[in-house]
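K.L.:
To start, I am sharing the structure in question, which I have written as structure tokens.
The numbers here are math on the coordinates, done by the rules we state, and not lab data. Worth saying up front: this structure is predicted, and the values here are computed from it rather than measured. Don't worry about glycine lacking a Cβ; one is built from the backbone with ideal geometry, like all the others, and counts go over all protein chains shown.
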Amino acid sequence: MQFDRQKYLDLAKTQGVSAALTQLQKDTIEGEYEAFEGEKGWQPAMWQELEEVRSFSRELWEAALNSA
């Protein structure tokens with residue numbers, strides 16, 4: 001999983017925070033599967049990246065709540 005913050009920030013600007021959060025969730029689900037159950041099995045480095053994604057998700061949620 002290659003986490004690209006800018007992808008979701010761009011989505012938030014063009015389609016709204018809700019669309020960015022939806023896409024982030026879909027991508028996170030794929031990343032979680034790969035980190036735990038993919039061909040390579042458990043991948044601790046991917047777990048670290050998923051923690052970064054979760055933190056960014058909370059930032060997006062705060063932005064959505066603050067703009068409401």
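K.L.:
In degrees between 0 and 90, to the nearest 10, how far off the longest principal axis of the chain does helix 44-67 point, with axes built from Cα atoms?
P.N.:
Computed tilt is about 10 degrees.
K.L.:
Between the helical axis of 17-37 and the dominant principal axis of the chain, each derived from Cα atoms, what acute angle in degrees is found, rounded to the nearest 10?
P.N.:
Roughly 10 degrees, rounded to the nearest 10.
K.L.:
Work out how far the C-alpha atoms of the chain reach from end to end along every principal axis, then list the three figures in whole Å, largest first.
P.N.:
Here the Cα extents, ordered largest to smallest, are 41, 17, 15 Å.
K.L.:
Shifting gears a bit: For the chain, what is the mean residue ellipticity at 222 nm derived from helices alone (per DSSP H run of n ≥ 4: -39500 (n - 2.57); sum divided by total residues; nearest 500 deg cm²/dmol)?
P.N.:
Theoretical 222 nm ellipticity from helices: -28000 deg cm²/dmol.
K.L.:
Here's a follow-up. Roughly how big is segment 4-62's charge dipole about its Cα centre, with Cβ charges of +1 (Lys, Arg) and -1 (Asp, Glu), in debye to the nearest 20?
P.N.:
The calculated dipole for segment 4-62 is roughly 240 debye.
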